[in-house]
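Structure first, then comments.
The values are calculated or read from the model by the stated rules, or taken from the named source; none is laboratory data. Keep in mind the model is a prediction, meaning the values are calculated, not measured. Heads up, the Cβs are rebuilt from the backbone with ideal geometry, glycines too, and the neighbour counts pull from every protein chain shown. The area values use the complete protein model at the heavy-atom level, side chains included, leaving out ligands, DNA and RNA. Shrake-Rupley method; radii C 1.70, N 1.55, O 1.52, S 1.80 Å.
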Amino acid sequence: MTPSHYYIYYPVRVGMETDLARTLYNAQAEIDAATGVAGRFLRKADDPWMWMEVYENVADVAAFDAALEQAVERHGLTRFLDDGGCRHTERFVPCA
């Protein structure tokens, strides 16, 4: 099975970055425990309010999607979104 790589980006409310970072560490630890996929997160270089989560080499997409959805809900990640913002998920696979 070809592994998938997830890139999830979203605008963050100003002043929420410390709480978001702590929450993401906990959510990603939960996802890793459930799926074996360790995530990381980044900020956009020229826009510190645009954040991205990265999850690579996801073998079981269905199980990962379920774990990700549960973690987002359980940890309330949407509360950190800038007004009108949403989480955009892109999934990529290797070309060959």
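For this structure, a couple of remarks:
- Restricting R40, R22 to residues that are under 14 Å from the mean Cα position of the chain (by Cα), loosely packed, with under 14 Cβ neighbours inside 10 Å, assigned to a strand (DSSP E or B) and free of Cβ contacts under 8 Å to residues at least 60 places away in the same chain narrows the list to R40.
- Taking the criterion of being of a type in the set (D, E, K, R), more than 14 Å from L20 (Cα to Cα) and without any contact (Cβ under 8 Å) to a residue 40 or more places away in the chain, the residues of region 43-59 that qualify are K44, D46, D47.
- Test: residue in region 65-79 that is of a type in the set (V, I, T), surrounded by 11 or more Cβ atoms within 10 Å (Cβ to Cβ), free of Cβ contacts under 8 Å to residues at least 12 places away in the same chain and not in a loop (DSSP other than H, G, I, E, B): yes
- Cβ-Cβ contacts under 9 Å between residues 6 or more apart (or on different chains), taken from a first residue in region 1-17 that is farther than 18 Å from A96 by Cα to a second residue that is open to solvent by less than 30 Å² (accessible area, probe 1.4 Å) and of a type in the set (V, I, T), are listed as Y7/V54; I8/V54.
- Only one of the listed residues (C86, C95) is under 20 Å from M1 (Cα atoms) and either open to solvent by less than 60 Å² (accessible area, probe 1.4 Å) or not polar (S, T, N, Q) (or both). That residue is C95.
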